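*Asks:* Pasting a structure below so you can have a look.
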Amino acid sequence: MTIEIFLVFSILIISLVLFFTGWVRMDIVALLIIGLLASTGLVSPQEALSGFSNPAVVTVWAMFILSAALYQTGIAKIIGRQMTRLAGNSEGRMIATIMLSAGSLSAFMNNIGVAALMLPVVMDMAREKGVSPSRLLMPLAIGTMLGGLTTLIGTPSNLLISYALEDAEQPPFRLFDYTPIGLVALLTGTLFIVFIGRHLLPHRETLTKTIKGHTEQLSTSYALQERTFMIKIKPSSPLRGKTLKESRLRAGLGLNVLSIIRNNITLLDPGPTSVLQSNDKLFVQGQVETIKAMKNWEVLHVSQLGLNVKELLDNELYVFEAIIHEQSPLIG
């Protein structure tokens, strides 16, 4: 065995161990492999970096960008609502809807990107339908993989094979050359999971029960019920059209916006770029004194979850004024 073969096998074994254990992120492992191959002289620096200019790699990058754009623009939520409507309450119907939807998207997008796009959609469906996520996530993964077999751009391997044929001066595959076999595989796999495979999936606690248990535990431990409120934005409010960052509800008033209810749809974990609209209901966490002061504003309606507002505001609450001295260390 030559030193070059020994180095190749050593790098391969180390990379497999890191991939299996997850001690280091996969993308970092991939970059470390490239660096090791170049630093040991097994490949030249030009050869080590040549893969980044491969059309297949560039296409996969573009698919990830497309997936992120679909999620950020809200199209994923539209897809989720339609899937929830079509899925009904039958587990078999839900699995069929998820697999066929994911497979259809994977035909024209990278299957890994589709899995990332559909993951929050499926989790929301599991929460709403009271189904264990373990019963839906594996069909999602299988559906994205089978859907990637139906077209040329579905998976990176299809692209690599096509470009290999082109490099060998052979006619490359066209976009739908994979479709006859891939479509049969997708439909057959979906039928198998719906009628047979789903009975082999693990039964675990539903997401709704888990969240409810955690919520009750947190509410008891930290008295969250005494510090959480619902605020409604009036149509005349100057906050309408502003982002959460621009509203300064957190920076100025110390209110954490936990969720937004808009048109009976709950937007969980809103970010600083979330735009407020009239009649939005904000589920916020903050101090009682702040909510009391906001009660007199003309731009907000305030209510307390689980506690009558009048009872809350009729308590003997006092507001104190503290003046910061000119030479106070608190300045700045």
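*Asks:* Per-residue accessible area for F6 at 1.4 Å probe radius, Å² rounded to 10?
*Replies:* The accessible area comes out at roughly 110 Å².
*Asks:* Same structure again: How much of I75 can a 1.4 Å solvent probe reach, expressed as accessible area in Å² and rounded to 10?
*Replies:* Roll a 1.4 Å probe over it and I75 shows about 70 Å².
*Asks:* Let me ask something else about it. Report the label-to-label distance for S50 and N279 in nanometres (one decimal), using points 7 Å from each Cα along the Cα→Cβ vector.
*Replies:* The modelled label-to-label distance comes out at 6.2 nm.
*Asks:* Pop the C-beta distance of I11 and R250 into the FRET formula with R0 = 35 Å and round what comes out to the nearest 0.05.
*Replies:* Given R0 = 35 Å and the Cβ-Cβ separation, E is 0.15.
*Asks:* Modelling each spin label as a point 7 Å along the Cα-to-Cβ direction, I'd like the H199/I33 distance in nm, to one decimal.
*Replies:* 4.0 nm
*Asks:* With every protein chain in place, what's the accessible area of K245 (1.4 Å probe, Å², nearest 10)?
*Replies:* 150 Å²
*Asks:* Something else about it: What's the ranking of 14-24, 233-243 by average number of surrounding C-beta atoms within 10 Å, highest first?
*Replies:* Sorting 14-24, 233-243 by mean packing, highest first, produces 233-243, 14-24.
*Asks:* Return the long-range amide H neighbours of S259 (sequence gap of 5 or more, or a different chain), with a cut-off of under 5 Å between placed amide H atoms.
*Replies:* For S259, whose amide H was placed from the backbone, the distant partners under 5 Å are F283.
*Asks:* Can you give the extra length, in nm with one decimal, that the chain gains between L86 and L175 once fully stretched, where that is 0.36 nm per residue apart less the Cα-Cα distance?
*Replies:* Roughly 29.1 nm would be gained on extension.
*Asks:* Dividing the convex hull volume of the alpha carbon atoms of the stretch 230-273 by its residue count, what do you get in Å³ per residue?
*Replies:* In the stretch 230-273, the Cα convex hull volume per residue is 84 Å³.
*Asks:* Rounded to the nearest 0.05, what FRET efficiency is calculated for E128 and F19 with R0 set to 25 Å and r the Cβ-Cβ distance?
*Replies:* With R0 = 25 Å, the Cβ-Cβ based efficiency is 0.10.
*Asks:* Hey, which of these cross-link pairs are over 24 Å Cα-Cα: K129/K242; K77/K281; K242/K281; K245/K281; K129/K232? Don't skip to the answer; put the middle values down first.
*Replies:* Details: K129/K242 33 Å; K77/K281 19 Å; K242/K281 15 Å; K245/K281 17 Å; K129/K232 28 Å.
Long pairs (Cα-Cα over 24 Å): K129/K242; K129/K232.
*Asks:* Which sequence of Y163, Y71, Y178 reflects their accessible areas, 1.4 Å probe, from the largest down?
*Replies:* The ordering from most to least exposed comes out as Y71, Y163, Y178.
*Asks:* With r defined as the distance between the Cβ atoms of I65 and H325 and R0 fixed at 41 Å, what FRET efficiency is calculated, to the nearest 0.05?
*Replies:* 0.15
The values are calculated or read from the model by the stated rules, or taken from the named source; none is laboratory data. Keep in mind that this is a model prediction, so the values were computed, not measured. Note that each Cβ is placed from the backbone with ideal geometry, even for glycine, and that neighbours are counted across all protein chains shown. Surface accessibility is based on the protein's heavy atoms, side chains included, excluding ligands, DNA and RNA. Shrake-Rupley method; radii C 1.70, N 1.55, O 1.52, S 1.80 Å.
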